[in-house]
Each structure stands twice: as C-alpha cells, then as structure tokens.
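Q: This is the structure, below, for whatever I ask next.
Coordinate-derived values only; no laboratory data. Since this is a predicted model, take the numbers as computed values, not measurements. Cβ atoms come from the backbone with ideal geometry, glycine included; neighbour counts cover every protein chain shown.
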Amino acid sequence: MAFECLRQLFISMLCKGDDESVRLPDCIVIDILNRLPIEVVVRCQSKRDYLGALISSRDFKTLHLSKANARGPMLLLRDSTRTNKKLYVVTNYLTKPHYLTKPVNMENLYLHSQLLVNNKKYQGVHPPHIRFSCEGVILFVNDARCGKICYVLNPTTQEEVIVQRTDHNLLCALYYCPVDHQFKLLSAGVINGSLVVYLVYTFKTQTWREIRGTSVNLLPLYKKGSPAMVNRALHWITHYDLQNKPSCDNNGILIFKMDNEQIYAKPHPGSVCNVAHIDNEHKSMMTLLVMENNLCFCHLLASQPALALDIWILEHYKKWTWNKTYNINLTPYGPGRNPDYLHRIMKPLYIQDGIFLFYFKADKYLFLYDLRHKTLNPVQLPQMIKFRPFGSYIKTLLPIVA
C-alpha cells in the first residue's frame, strides 16, 4: 500500500496526469527513474501505465544497462551447500580501507520459490549450478559440460527461460548481441571426431542454427566462468601446454565476433611467457580477463618455492600487440604448497579499478591485489555459509526474450 501511494504521487508530480501536453519530457523522467533503486523500478514496470511503458522501452533499458556498467560490477557468490542454493552479491569489498576493518556487505539475490531452477526434482544427479553470467542474466545447468536442460534467469526481474538441448555440444557462452539486442547461447560440437561445428541459440525464436562459413577448427578449453568480452567479441584460450603444442603461438586465443558471428584465432604471448628453465613440475594456469576495456592474459607460474602471476595487456587490438605489464609476487602465500595443487585451486575473478580479485578454493578469503601499489589484502567471507565466488555481476532490467 505504501509503495502504491508513493508511485501515484510520483506519477502526479512528474507526469501531471494523462495529458501529454503537461507532462515532463520523457528524458527527464528517465533520468529520475535511473536514480531510483532498481527494486522500485521493477515494481513500477509491472504496472500498465505511463511509467510501466516507459521503463519497458528498449531505450530505457539500454540506458540503464550503460549506467549499471559504469557503476562497476558486484561480486557474485553462490552458496555451494546441497541443501541451500542461494545467490549473493558483495558490494563494498573495494572500499578502502573498508575491506581491512569491516565485514563485507552481502545482499541476497531473491529467487522466487516457484522458479524451476529451485525445483528439487532436478533432471540429473546434481542440482543446477552457475555456468555463465552476462549483463545481469545467469545461466544454470545440471551438468557443466553437456547438460540437456539450461535454466536462464534474471534475478532482478525474476524472468526465467528453460532451454532444452538434444545434443551434447559444449556450451561456450551466454552473450548479449549488441546488434539486435538479444540474449543468445553459443555452443560447439565435434563431428566425425575432428570437425568443429558452432551453433547459436536465439531465445526469441527458440531455435538453434549452425554458423556456416568458418574455417576455424578449434574448441575453447572448458573453464568455469564466462569468456572475456571486449571489443564486441568473446575470447577463450584454446591451448595451455606451451611446450608440447608449439602451434599455440598462432591460434592460442579463439575469438567470436558477436555482431557478425565471425570466428577466428589469434596468438597469445605463449612463446615469450614460457619460462625455459622451469622444471617438469612447473604448472601453468592461463586465464583471459578484461581491464579497462583491454584484453588481459594472466599466466600463473607455480613452482616451489615461488608463486607468481604475470599479466599481459593487449595494448592494440587491431595490431594484436601484447605487453607484459604486471608481475605479481604471490610468494608469501605459496611456500609449502604443492605447485599442482595451487594450479588447480586458484581462480582469478576479474580486475576492477586497478584491483585484481582472486581466491583460493580451499580458503574462505578473497584476495585483492592493488596493481599500482603492489599490496595484497585478504577479505574474509562469512563463515556460516559455504560460499564460492563466481565472478562479476550487475543488476539489469534486460529481458531474456526480447
């Protein structure tokens, strides 16, 4: 009742009734709406009136998306206990010196009990878990590699779409196409044991179609988390073993252009980041991230007694020129741990405002490395719940089915 009274008051003040001649310009109303909490905007959108129609327009949702991206992402956490599959976001972990003195602020992403992703009668052995996150929309699968059912959900609007899959192709990405403003899925499969075929699923038509005309016969390596998105393209690593696969210098990074659906490969700095004097126990972990709209190549060097992480920046996208910009010394954390163990449990998350976020799966700590000041600070997560950080997340009003 209080919300409805406030909404009616808001309409009477800004819109002056139904007479368009006495309304405030739409641009002013949109600017005011963008400053309101998103929960209030969602409730206004559900009403069939002037405000609801304005909020549902593509122009408003596009503007809201750009402002959400400008404010920066939140950290998405999932409760990995079997009895309680909840989602949380952390909002204040970068506030200095907040993360050194105070506990993080956590917000529960409410999931309505009637959502199918909450159904306990799952099709498969394990409950759904997060596979991708893109522009405020999350994709859940039962089996991370070839799940037959995908649950696509926008926790802000509670819109949910179920995608049935009849094949066993590798799910590569959930992405938001900048051309037709639609969410899509990308998957890849191998035919006759060698030929790679790429398929795109469009939510509007609920159909899969094959991408034709590509000569790239590569599969992105499976890693949990979304591919690096920059320059209207998705990026995956295709090779890790630099010593046994010398050809990775030419096709180490797979690229999918979202606007024209072209697929091609580019080299990563494999030949120069490979350290020849490291012994056979050396393990490398390579991850692609984005920093200030630049593609980053992260290379973990885990070898006792040292632990280091090199970050290469793609300074010029068209010329494809890399520069080794940062060398992070993680030796204080590394001594006494098996290199192969470190290789498997360390997960880089993302880079925001000059802070590199990562965590070790065995600990309940996030680690924030200040790239400029070369300082490492831990952030302890609440102990009562078994959390697993997934990656970045923003709240949006984008519809899954446009």
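Q: Which far-off residues, 5 or more places away or on another chain, put their amide H under 5 Å from the one on LEU398, with H placed in the peptide plane?
A: Hits under the 5 Å cutoff: none.
Q: How would you rank 227-234, 52-59, highest first, on the average number of other Cβ atoms within 10 Å across their residues?
A: Going from most to least packed, we get 227-234, 52-59.
Q: A follow-up question, please. Explain nothing, just compute: Karplus ³J(HN,Hα) = 6.51 cos²θ - 1.76 cosθ + 1.60, θ = phi - 60°, for every residue of segment 174-183 in order, whole Hz, x for Gly and Pro.
A: Values per residue, Gly and Pro as x: 10, 9, 10, 5, x, 8, 9, 6, 9, 7 Hz.
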